[in-house]
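Have a look at the structure below before the remarks.
The values are calculated or read from the model by the stated rules, or taken from the named source; none is laboratory data. Quick caveat, the model's predicted, so the values are computed rather than measured. Heads up, the Cβs are rebuilt from the backbone with ideal geometry, glycines too, and the neighbour counts pull from every protein chain shown. These accessible areas exclude ligands, DNA and RNA; they are computed on the full protein's heavy atoms, side chains included. Shrake-Rupley method; radii C 1.70, N 1.55, O 1.52, S 1.80 Å.
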Amino acid sequence: MLAQGRPFTFHFSLFTSEMPAPTTYYASADQAPKATICIVGGTNVAHALAWSSHVSASFTIETPFGVSPAIYFGETDGIPFFHITLHGSPDLSGVAEQDVLLRVWSALHQLGVSDVLGGATAGSINEKFKLGDWVIADDFVDFNIDRQRSIAAAVLGAKTAARILPRYVPAHDPVLRKILVEETAKVAGAENVHAGGVIVQAAGGRFETAAEIRMFKHIGGDLVTMNVPTEMAYARQLNINYASLIAISNPAEGLGTWEWTTLSDLYPKFHAQSIEIYLAAVRRIHELPNRRRIGDSLRVHPEFD
């Protein structure tokens, strides 16, 4: 996983225009463009989609926690979608990490988003996951104890959220996972796609040690990254369907050798492939008959008496 502070080189391809779309501020979500699908991308897509011809505008909205990061608006075959780059953090420099997360997910809630496609690059713990592969994970272990475990009360209000105590079985939305697996196989080849895996979320701020990776492997981790499990957790709390597209950019520490060029050489392929996969997934999600699939049995605790 590309962590905070790691060297990063953007590669611009056929998909990328010279400049991102201009940004408009809206005091209310009601004033913003309308869409129900959002791609919350990480380093697997970086700014490639935001600066591409598929995006026509960007905007921010006011949330109870401050102004949101830039939210990009685009269309594919006439189907509208939103996009937030790199989990929202680059657009809110100087804002505390937890506040960024609250602004991102509060904005998605206010905009009425029902489906989120996440993404990231990751270090491979499972020897079956080779460089350049894609993983559509299905479970997680979270070691980031600095982030709020729940944002339900903050975003939804204490009274509304009083009984929201989500289950994560399954942790990813199975319908979105199936779509991502199928569309990724079309783009990258079925032999380069893994339909399942346990994400270990590290605390971030540095690479893991080899000893930490050995521990993660011992407890059943398949790959290590820093943001996707948080998104899996928060989406479920807000009744948003979620699945993620994760690219293997390096072997986890101690399990293989790699250089900074290993990452930068892979990014052009990741960015181009992820755009194609995401847009195909958006078109399929739009056709789904049941868009809100998270029921009370997964997210709302029963009455106590």
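Observations, loosely collected:
- Single condition Gly112 does not satisfy, out of (1) on the phi > 0 side of the Ramachandran plot; (2) open to solvent by 60 Å² or more (accessible area, probe 1.4 Å): (2)
- Filter result (in a loop (DSSP other than H, G, I, E, B) and surrounded by fewer than 22 Cβ atoms within 10 Å (Cβ to Cβ)) within segment 139-159: Phe143, Asn144, Ile145, Asp146, Arg147, Gln148, Arg149, Ser150, Gly157
- Residue tally, condition in contact (Cβ under 8 Å) with a residue 12 or more places away in the chain and assigned to a helix (DSSP H, G or I), over segment 175-196: 12
- Verdict on Ile199 being aliphatic (A, V, I, L, M), assigned to a helix (DSSP H, G or I), touching a residue at least 24 places away in the same chain (Cβ under 8 Å) and crowded, with 16+ Cβ neighbours inside 10 Å: no
- Looking only at residues in segment 24-56 that are farther than 30 Å from Leu266 by Cβ and among the hydrophobic types (A, V, I, L, M, F, W, C), the one that is most open to solvent (accessible area, probe 1.4 Å) is Ala27.
- For the residues Val141, Val116, the requirement of being modelled with pLDDT of 95 or more, of a type outside the set (D, E, K, R) and under 23 Å from Ile275 (Cα atoms) singles out Val116.
- Residue in segment 101-122 that is of a type in the set (D, E, K, R) and assigned to a loop (DSSP other than H, G, I, E, B) present: no
- Any chance Ser89 is at pLDDT below 95 and in a strand (DSSP E or B): no
- Flag if Val135 is in contact with a strand residue (DSSP E or B) (Cβ under 7 Å, 6 or more places away or on another chain), crowded, with 20+ Cβ neighbours inside 10 Å and more than 30 Å from Thr60 (Cβ to Cβ): yes
- Segment 206-305 holds helices (runs of 4 or more DSSP H) entirely within its bounds, and those carrying 1 or more residues that are hydroxyl-bearing (Ser, Thr, Tyr) and surrounded by 23 or more Cβ atoms within 10 Å (Cβ to Cβ) map to 228-237, 260-286.
- Leading residue by the ranking (farthest from Leu111 (Cα to Cα)) among those in segment 66-85 that are more than 17 Å from the chain's Cα centre (by Cα) and touching a residue at least 12 places away in the same chain (Cβ under 8 Å): Asp77
- If the condition is being aliphatic (A, V, I, L, M), open to solvent by less than 40 Å² (accessible area, probe 1.4 Å) and more than 13 Å from the chain's Cα centre (by Cα), then segment 96-109 contributes Val100, Leu102, Ala107.
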